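**Student:** One structure, as C-alpha cells, below. Some questions next.
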Amino acid sequence: MTQSLEAHPTPVATVGWVVTPYAGQGRASGGSMAAELFEAASSRSSQRRMIESLVRELCQNIRDQRLADHDEPAEAVFDLFKLEGDRLQKFLEAMDWPTLSQHISSLDSYSSTATTLKRIASAIEDGASLTCLRVSDYGTYGLTGEDADEDGNFRRLCVQNFMTSDQQGRGGSYGLGKAVSWLHSELLTVLFSSRIQGDQGKRLRLFGRAELPAHELEDGSRFLDGAYFGQHGLEKGVSRAESIWDDQELAETLCLDRRRAETGTSLLIPAFSELDTDQGEGSRSLIAIAEDILAAAEKWFWPALRQGDLIVDVRVLDGPDGRPQFSRMASPEDCWMPFIRAAEASVSTERVVRPGQSSAIAVPFPIPERIQPIHRAHTAVETRFRLGVSRCLKSEMSAVPLPNHIALVRGAGMVVEYVDCPPPTDGLPWCSVLSAGLAAGDSLDCFLAEEYLRAAEPVAHDCWDPRTRSVREFYRRRGSSGRLRGLKAELRELVSGRLLGEAQAREEEGPRLLSRLFSVSASGLGAKSTSISARPVIELEPEDCEFLEEEKVWVIAGTCRQSTKTETSWQASVSFASLVDSGSGSIWSIDAVETIPSVNAYVEENRRIRFAAPAEVAHFSFQCRLLPPTDVDPQLTGFRLLG
C-alpha cells in the first residue's frame, strides 16, 4: 500500500475555509446525513455510550491502517486538553475562525445543527475555553493519495461519505464510522495532519472539514453543505480546498505538529463534547473523561491489545504540549482476563466447573452462497467458530465488568457485541468468547466467514444481522440467515449445556432439551392463543416428545382442547417457528400427523396443521414429525408454537 506523492511547493496561496457554491441542481443538506445515521444506529445499543462509539471507531480505523510490513503494533494516543487565553486566540486565527464564524452566523436557527453551532460560536466569541481531543496514531499508513485520488486514505477520511475499502479484515463496510468524530465536536469540525508512508514521513499534510448545513449569506451568496479547511485552489472554475504541505508553524499553532517522525495521522476535535453525559456539558473533569476512554479501549479492544496489534495511551495535558496530568496505557489484563482465557482456551470435551478453569468447543456454522460481486462469488461452505468459556477466579469476581457474558469477536480484533446470559446456579461467574471468521483461523472457510460477518454488521458494527443490505444483495436469501438470527440463543444453550456444569443422563435428553427451548408453565410446554378467549388451547406434552438424532427431527406430541363448550364443530391450527433474537423466525416443516380420537387434520404446504373436530369431541391428542429449516441445528435452536 506504499503511496508515492508528487512534489508540492511550499504553500503561498491563501489558507482557510472553502465552501462549495450553490450551483447546478443545488441539492443541499441541513447537516451531515452520515453523522445522523451513525448516531441513530449507535443510540440503539443499550450497552454503549457515545464516547465508547468514538473509541470503537477511531481505534478500529487505526488498527485497520497498521503497516502490513511492520512488526510493531499500531499506536493510538488520546490527548485531552483545553485552549484558553492567548493560546486559544492564536489557534482561532490559524484555523480562519472569522470565515467559519461568518458562515455559522448565517445558518437557519430552526435546525438543531444550527442551534448547536451558533451556541458554541457565541461562547467562543465571549472568551470561553475550548476543550479539545487530539487522537494521533503511529505505525500506520497516514493520509495517502493525492487530493483527487478517490482510492487514497486522504479522500476516504477527509472528503468522501459512504465510501470504504473492501480490504479483508477491516472493521467497517459503510464508510460511516468516521462521522462519530464530527458528532463529538460542537463545532462539527475536525482538523487533520499526517505523515505518509511512501514519503518516509518527512512531509506534513494539513486539512480540515466542518459539517456546516447549506446556507445563504447576507449578500445573497448561497452555499451547499460542508466546508473544507486548506489551501485555496480552483477546479474548473469552482473553488476548492487542497492539502496544505509542510507549514510547520501552522501545524504547531493548530496543535497538530506531530513531532514524532513515525508515519500516521492526527485528528483534532475542537469543542469536544461527550454528547450523552447525564451530568451536563463541562461538569466532568478531563481526567474522568480520560478514564472512560481508557475503559472503552480495554472493553472493546482487549483482543487486539492482547495479541499485540494495538497500543492505546490516554493522557490529560496541561495545554496541547504541556506536561501530563494523567497518563495511562490500556491494559486488558487488569479486568478482562477471564475473557482472554476463554479466547485462548483449547478445544476440549472437559466441562468447566472450577475457578480459573477454561475449555472450548468447535461450533459448525454454514456460510451461504455468495452471488455478488461476481469476482467474489463462492458456493455455500461450512466453517467452524470456536466458543470458549472460563470460570472467574475469586479475585476476579468483583473486578470483571461483564460476568456471564459472551463476547462476539471476528478478525478485526474488536468485540462486536457482548451477549448477556443468565447467572449460573452455582454462583461462580464465567466469561465466554466466540471467535469467528479470521479470529478462529486463517483457512479459506474462515476467510469467507469473515466476509459474511462483516457484511452482516449494521452501521454501528454492534451485532450480526442477516437483514443488512449487504447480506441481502451479496448472498443467497436461503442460507444461514435463520441460524445467524438465532445465534445468541444457540450460544447461550451451548455454554450452559456443553461447557458448564455436569452432563445429564442421556435418557432425559428429549424433555431436557424441550425444557430449555420452551417456557415451562404449570400446564406444560407450549403456547396459548389468548387474544380471543374462545380460541382452542394447544399444549405440548414434554414426556411424549422425542428427538430422533439420526434423522435430526422432533416427534412432537400435544393436546388440543376447546376453551369454551360449543354446540357446533370447531377448528384449530398450529405451526412452529424458530426461536430467534429478532424477527419472526423460520417456519419448521410438518408431516405424519396423527390424532386420538380421530379428527380431520391436514398439513397446509408443510407449514401448518389445520384441525377440524366435531362438537362432541372436547379435546384430542395429536402427534407429528417436525423438521427444522436447512440452516438450523434442532438440538441447539428452539422453536415456538404459533396457534
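**Student:** Per 10 Å bin, what is the whole-percent P(r) computed from every C-alpha pair distance within segment 195-298?
**Tutor:** 11, 28, 29, 24, 7, 0
**Student:** Could you run the Karplus curve 6.51 cos²θ - 1.76 cosθ + 1.60 with θ = phi - 60° over segment 483-494 and give me ³J(HN,Hα) per residue in whole Hz, x for Gly and Pro?
**Tutor:** Residue by residue, segment 483-494 yields 5, 5, 4, x, 4, 4, 4, 5, 5, 4, 5, 5 Hz.
**Student:** Give me the net charge for the shell around residue 76: Cβ to Cβ below 10 angstrom, other residues only, Lys and Arg +1, Asp and Glu -1.
**Tutor:** Values: positive: 63; negative: 75, 137, 313.
Cβ neighbours under 10 Å give a net charge of -2.
**Student:** Quick one: if you take sqrt(5λ) for each eigenvalue of the C-alpha gyration tensor of segment 425-471, what semi-axes come out, biggest first, whole angstrom? Please list the in-between numbers first.
**Tutor:** Details: eigenvalues 133, 58, 10 Å².
Semi-axes from the Cα gyration tensor: 26, 17, 7 Å.
**Student:** Here is a further query. Quick one: which residues, 5 or more positions from residue 541 or on another chain, have an amide H under 5 Å from its amide H? H modelled 1.01 Å from N in the peptide plane, none for Pro or chain starts.
**Tutor:** Amide H neighbours of residue 541: 557, 558, 559.
**Student:** If you don't mind, another one. Could you work out how much longer the chain between residue 287 and residue 222 gets when fully extended? Use 0.36 nm per residue separation minus the Cα distance between them, nm to one decimal. Please list the in-between numbers first.
**Tutor:** Details: separation 65, 0.36 × 65 = 23.40 nm, distance 4.27 nm.
Extending this stretch completely gives an extra 19.1 nm.
**Student:** Using r as the Cβ-Cβ distance of residue 160 and residue 606, and R0 as 51 Å, what FRET efficiency do you calculate, to the nearest 0.05? Don't skip to the answer; put the middle values down first.
**Tutor:** Values: r = 49 Å, r/R0 = 0.96.
Once the sixth-power term is evaluated, E becomes 0.55.
**Student:** I'd like the carbon and sulfur percentage of the solvent accessible area for segment 534-643, probe radius 1.4 Å, heavy atoms only, ligands and nucleic acids excluded.
**Tutor:** 45
**Student:** Let me ask something else. Can you pull the accessible area of residue 116 for me, 1.4 Å probe, Å² to the nearest 10?
**Tutor:** Only protein atoms counted, so the area is about 40 Å².
**Student:** Going by average Cβ neighbours within 10 Å, how do the peptides 453-462, 69-78 rank, with the highest at the top?
**Tutor:** 453-462, 69-78
**Student:** In addition: Where in segment 183-202 does the label zone of residue 111 land, with the point 7 angstrom along Cα→C-beta and an amide N cut-off under 20 Å?
**Tutor:** 183-191
**Student:** How far apart, in nm, are two points set 7 Å out from the Cα along the Cα-to-Cβ line at residue 122 and at residue 623?
**Tutor:** Label at residue 122, label at residue 623, 7.8 nm between them.
**Student:** How far apart, in nm, are the 7 Å Cα→Cβ label points at residue 328 and residue 350?
**Tutor:** 3.4
**Student:** Another question about this same structure. Would you kindly give the portion of the calculated P(r) for segment 280-359 that falls above 19 Å, as a percent of all Cα pairs?
**Tutor:** Percent of Cα pairs beyond 19 Å in segment 280-359: 52.
The values are calculated or read from the model by the stated rules, or taken from the named source; none is laboratory data. Keep in mind it's a predicted model, so treat the numbers as computed, not measured. Neighbour counts are summed over all protein chains in view; Cβ atoms, including those assigned to glycine, are modelled from backbone coordinates with ideal geometry. Protein only, heavy atoms only, side chains kept; ligands, DNA and RNA dropped before computing areas. Shrake-Rupley method; radii C 1.70, N 1.55, O 1.52, S 1.80 Å.
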